[in-house]
Structures are given as structure tokens and as C-alpha cells.
Amino acid sequence: MTNKAGNGGSGLIKSVQKSLKILKYIIDADDEVNLSDIEKALGYNVSTVHHLLKTLMEEGFVSQNKITRKYDIGPEIFFAWLGGRKPENYFSRVTPILEECVQETGETTNLFIRDDNEAVCITGCESKYTLRAFLKIGRRIPLTSTAAGKAFLVNLRPEDLKKYLPNTSKDLERLSKELEDSRVRGYTLEIEEFEDMITAIGVPVIDHNGRVICALSTIAPSVRIDKEKIDLISKALINASNRITEIMEGVFY
């Protein structure tokens, strides 16, 4: 009788098991990984790793950086996890914190996740002002020219930023200095850099390993933003980030 499990009657399907181990390795890695990293860590041959990665990429569970050719988790992990549920319902524990930020600052506040070289808006709360930045669930924005995007890059070393230079007019020195300043003050800043008449402040949400798992951003018409307002918003976002880190433990890691 043929053993359909393909593993000596143990009930395991080897290819599925290997795919899941590769996926877990990529999730646990501090940064993007290349094919040889996976081969050395898991002991699979290059051909096997290549074909399993290709399948995982096809289904959206793994993504490949077009510049470095290295691998990272794909957006399907997150979106498949949500299933048919609305993101704002899934993040019901986070939504009250975003609402508090809006109440305190008066401005639209969003939560973003990262997908390769972009940040994707997952949920948020809108300002009550008539003149306001609108909440756009699912909107994709670049990493190097937005407050939310820069929050995902803020802890990277200068040498790790080189792969993002083709997507920005900034040189390595300027981008590194900007992110260093952001680390020192605790938040990222975008003043009419991505959109005219719009200013945004961003803060990363960090897991227990020091990795950025998502980012918060408050977005407002530049006409309402001054140094005092930036200080108010940044303090609110940093407080919100710390609270969300505690809440999301066990959800993302």
C-alpha cells in the first residue's frame, strides 16, 4: 500500500514541513536572508530551498527584495491571518489607543505594516477637523520619504540602507544622518516630503527582540503643525507605541 504521507507512515508531508521550517526561519531572522543562509541553517540542498521559496513567493508568504535578491516575509502571512475579518476589528485592542492619540492631538493617526519597500496602512482613526488628512486603509507608501516608512528603517545600520537608495533622491550620508537624528529624538519626521501641504510624525513599534513590527504615524495639514504641535504628537505616539508593544505580545511574536 502506498504511503501518501511520504514519511514512513508518520503522517508528515516532508515538503510541507520543510516549507514551514523555511518560513519560520525567515520570520525569526533579524533581517532579510539569502538562499545560502537557509541552506546552512536548515541543512536542505540549494535546489530544494529554491523551489520551496519559489512556491512560498507565488502564494505571497515570502517576498524577495528586487535589489538585494534576499528574502523576507510576505504580506500574505498577515492578510491570510486576518481572513475575512476587517483589520479594525482584528486590532480592536489597539484601536482605542489610536483613538486616544486623535483625541489628544486632534489629528489622523494610522498603523502601518511593512511589505518589502513599502508601508501599508492597516487601520487608524481620523481627525474630526473638516480640513484633515484622510484615513486610507490599504494605502501603500514608500519607506524613504514618509514618516511611517522611515520608522521601519530607523534602527538599520548605514550599510544596510544602501539597498534603499535607488528609491530615493537622498544619498547614503543624508539618509543615515536623518535616521540617526530620528533615533536620538525618538520619532521620524516628514514635512511635505511625500505630499504637498502634509506633515507627518512616525514612531516604530518594537518587539521584545528590538525589531520593528509595525509603525504609527500621525498625519496633518502642515498649516496646523508647529514645533509645539510636533512635541505633543511625538509624545503621544511614543506612549502609544509602548502600550501597543505590550498589547501585541503573543499576537506577532
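Taken together, the values in this text are just the output of simple stated rules run on the coordinates, not laboratory data. From a predicted model like this one, the values you see are computed outputs, not experimental measurements. Because the Cβ atoms are built from the backbone with ideal geometry, glycine has one as well, and the counts that use them run over all protein chains shown.
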(request) Return the ratio Rg/(2.2 N^0.38 Å) for the stretch 14-74, where Rg is computed over Cα atoms only. (result) 0.97
(message) I need the Kirkwood Rh of the chain: take the reciprocal of the average 1/r across all distinct C-alpha pairs and report it in angstrom.
(response) 19.6 Å
(request) Could you check the simple spin-label distance between F134 and I13, using points 7 Å along Cα→Cβ, in nm with one decimal? (result) 4.4 nm
(message) Counting pairwise Cα distances across the stretch 94-135, what percent come out greater than 11 angstrom?
(response) 62 percent
(message) Helix-only mean residue ellipticity at 222 nm, the chain, DSSP H runs n ≥ 4 weighted -39,500 (n - 2.57), per residue, nearest 500. What is it?
(response) -12500 deg cm²/dmol
(message) Just want to confirm a number: the relative contact order over the chain, from Cα pairs under 8 angstrom separated by 6+ residues, in percent.
(response) 14 percent
(message) Apply the a/c threshold of 1.5 to the C-alpha gyration tensor of the stretch 189-247 and tell me whether it is rounded, prolate or oblate.
(response) prolate
(request) Give the peptides 96-105, 173-182 in descending order of average Cβ contacts within 10 Å, highest first. (result) 96-105, 173-182
(message) Highest mean first, how do 120-129, 152-161 rank when packing is the count of other Cβ atoms within 10 Å averaged over residues?
(response) 120-129, 152-161
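What do you get for Rg/Rh of the stretch 128-253 when both radii come from the Cα atoms and Rh is the Kirkwood radius?
That ratio equals 0.96.
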(request) Could you name the lysines whose alpha carbon sits less than 20 Å from that of K170, not counting residues in the same chain fewer than 8 places away? (result) K66, K150, K162
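E178: net charge of surrounding residues, Cβ under 12 Å, Lys/Arg +1, Asp/Glu -1, itself excluded?
Values: positive: K150, K170, R174, K177, R183, R185; negative: D171, E173, E180, D181, E190, E193.
Neighbourhood net charge equals 0.
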